[in-house]
Each structure stands twice: as structure tokens, then as C-alpha cells.
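Below is one structure, written out as C-alpha cells; the observations come after it.
Every read-out reported here was derived from the displayed coordinates using simple, explicitly stated rules and does not represent laboratory data. For clarity, every value in this text was computed on a predicted model and none was experimentally measured. As a convention, Cβ positions derive from the backbone with ideal geometry for all residues, glycine included, and neighbour counts pool all protein chains shown.
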């Protein structure tokens, strides 16, 4: 194996895709859910690449949960990533796949908030934007289709690198 990839997902389908890519690239793939227990998190070895998909885009209940207290959800997601970053080797990378979304007539700038807040502990390197063709998807909730549908199809993949000089430097020294 050339390196370890950690996939953090809320959807089993995403987990399967990450495992297939890891196998094709001859990488060890470790998949966890965002509800992982601290004891399980501690068992994860050092990682060379993290891909994180912090929400289930097709799940209306997940969107509803996020929008009920958006700021708390952002803070919890940031705290989770700050913990998992300790498993990322120095000078290695993490990608977060996310989108902004409208729910109940309100825009939720998830992509921007995650990227800007994680910039405190990781170096933001790049942002890729891609469009997902939802017209072929048949299992989306009815609330998905609204006046801003085309905006909802834009996904963002932010790429970060763990640098030596970040707020975890003292922890890195303690752990080595």
C-alpha cells in the first residue's frame, strides 16, 4: 500500500465510492462516520489524505437538522475536523466536498463557512467547483427543487494542507 486515505461520510454510497477509488489507487481506505466515538477515533493510524463529506446532500432530514441551528452545526463540524486533523501527517492533504444550499427560502453558505474557519488550522490551497447533474436523480426530496435549483447543483471541493505552523504545533510536538 502506498498510503492511507480516511473517508469521513454520512452516506453509505459515498463510502463505497471512496473504497473503490482507494482500491484502484492501491491505497488503504479507512471509512468513518461523523458520529464516530472518541475511542474509535484514537485507534485510527496516521493518514496521508482525508476526504470529508460532512452532509448527506440527498437527505432532507439531514438538511433540516443542519438548518435548525446552522451556527451550531458549523461549530460542531469544525471541532470534529480539528480533532481528525491530528491524524493527518504534516504536509499531507485534506479535501472537503460540500455545497451551499437553500432551505425554507434561506441561503446557507456552508462552503464558505467551512473553508474560512478551517483556515485557522490548515492552509487552504485550492477550490474546485463542479456541477452535478441532478436531473437524472430520482430520489431527491421535493424541497430540493426550488427557485435556486441551478445553484444547488454547484459543489465545492476545498483542498487543504496541514502545515507545521498551525495552532496544533504544540500538540504535534507532544505526540511525537
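Things worth noting here:
- Region 1-15 and region 19-46 have their alpha-carbon centroids 6 Å apart.
- Ranked for footprinting exposure by Cβ neighbours inside 10 Å, fewest first, 48, 35 give 35, 48.
- Footprinting exposure proxy for 98, 67 (fewest neighbouring C-beta atoms within 10 Å first): 67, 98
- Fewest-first sequence of 37, 87 by Cβ atoms within 10 Å of each Cβ: 37, 87
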